[in-house]
1. So which residues in region 28-62 are among the hydrophobic types (A, V, I, L, M, F, W, C) and out of contact with any Leu (no Cβ under 8 Å at 6 or more places or on another chain)?
2. Conditions first: (1) open to solvent by less than 60 Å² (accessible area, probe 1.4 Å); (2) charged (D, E, K, R); (3) in contact with an Asp or Glu (Cβ under 9 Å, 6 or more places away or on another chain). E11 passes all but one, so which condition is the exception?
3. Out of all the residues in region 40-50, is one or more open to solvent by less than 80 Å² (accessible area, probe 1.4 Å), modelled with pLDDT of 95 or more and hydrophobic (A, V, I, L, M, F, W, C)?
4. Checking the structure you have, find out if any residue of region 10-20 is among the β-branched types (V, I, T) and either at pLDDT below 95 or not in a loop (DSSP other than H, G, I, E, B) (or both).
5. Quick check: is even one residue across region 25-47 β-branched (V, I, T) and in contact with a helix residue (DSSP H, G or I) (Cβ under 7 Å, 6 or more places away or on another chain)?
6. Looking at E11, E33, which is the one that is on the phi < 0 side of the Ramachandran plot and either touching a residue at least 60 places away in the same chain (Cβ under 8 Å) or within 11 Å of the chain's Cα centre (by Cα) (or both)?
7. Quick one: count up the residues across region 16-29 that are touching a residue at least 24 places away in the same chain (Cβ under 8 Å) and open to solvent by less than 60 Å² (accessible area, probe 1.4 Å).
8. Select from region 51-62 the residues that are surrounded by 11 or more Cβ atoms within 10 Å (Cβ to Cβ) and of a type in the set (A, V, I, L, M, F, W, C) and list them in ascending order.
Amino acid sequence: MRVYVVQVTPEAHPSKVSQEGYLSMQSAKAFIESRRPRPMLIDPYLYRDENNTEYLICEVSV
């Protein structure tokens, strides 16, 4: 089974991994797109907001 977690990396700070796993890529994207300021899609797994915070979707096998 695969789940998706989101690694959040604020500019010049350590990364944090979301406490929740998502059952689909779409759910992980919906979580990221609900954040403010709204992150922009860089590639299918990576988003970045205007504060240079990066959101990386990581696929994990469990």
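The values are calculated or read from the model by the stated rules, or taken from the named source; none is laboratory data. For clarity, every value in this text was computed on a predicted model and none was experimentally measured. Positions of Cβ are generated from backbone atoms using ideal geometry, with glycine treated the same way; all protein chains shown enter the neighbour counts. Keep in mind that these areas ignore ligands, DNA and RNA; they rest on the heavy atoms of the full protein, side chains included. Shrake-Rupley method; radii C 1.70, N 1.55, O 1.52, S 1.80 Å.
1. A28, A30, F31, I32, M40, L41, I42, C58, V60, V62
2. E11 satisfies every listed condition except (1).
3. Checked region 40-50: at least one residue is open to solvent by less than 80 Å² (accessible area, probe 1.4 Å), modelled with pLDDT of 95 or more and hydrophobic (A, V, I, L, M, F, W, C).
4. Within region 10-20, one or more residues are among the β-branched types (V, I, T) and either at pLDDT below 95 or not in a loop (DSSP other than H, G, I, E, B) (or both).
5. Checking region 25-47: not a single residue is β-branched (V, I, T) and in contact with a helix residue (DSSP H, G or I) (Cβ under 7 Å, 6 or more places away or on another chain).
6. E33
7. Result for region 16-29: 4.
8. L56, I57, C58, V60
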